[in-house]
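Following: one structure in structure tokens, then a few remarks.
The values are calculated or read from the model by the stated rules, or taken from the named source; none is laboratory data. Everything numeric here is computed off the predicted structure, so don't read it as measured data. Note: ideal-geometry Cβ built from the backbone for every residue, glycine included; neighbour counts use all protein chains shown. Areas reflect the complete protein model, heavy atoms only, side chains present, ligands, DNA and RNA absent. Shrake-Rupley method; radii C 1.70, N 1.55, O 1.52, S 1.80 Å.
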Amino acid sequence: MGKKSVNKKMRLGKKLKQSRRIPMLAIVRTHRKVEFNKFKRDWRHRKLKLEN
């Protein structure tokens, strides 16, 4: 595997942060309006759509 460019690393990091689960406190504070993360993805099945 080749080396990743800084730009690609930034995008991968951003997607990683987006796919984190929502903290319980956020769910409680919004009275369950926010229950799940719409950016959540399974790394095995759904691939990242990164523009090169």
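Annotations
- Members of segment 21-39 that are part of a loop (DSSP other than H, G, I, E, B) and open to solvent by less than 100 Å² (accessible area, probe 1.4 Å): 22, 23, 30, 34, 37
- Yes/no for residue 33 being within 18 Å of the chain's Cα centre (by Cα) and modelled with pLDDT of 85 or more: no
- Of all residues making up segment 1-20, the number that are under 11 Å from the mean Cα position of the chain (by Cα) and surrounded by 10 or more Cβ atoms within 10 Å (Cβ to Cβ): 9
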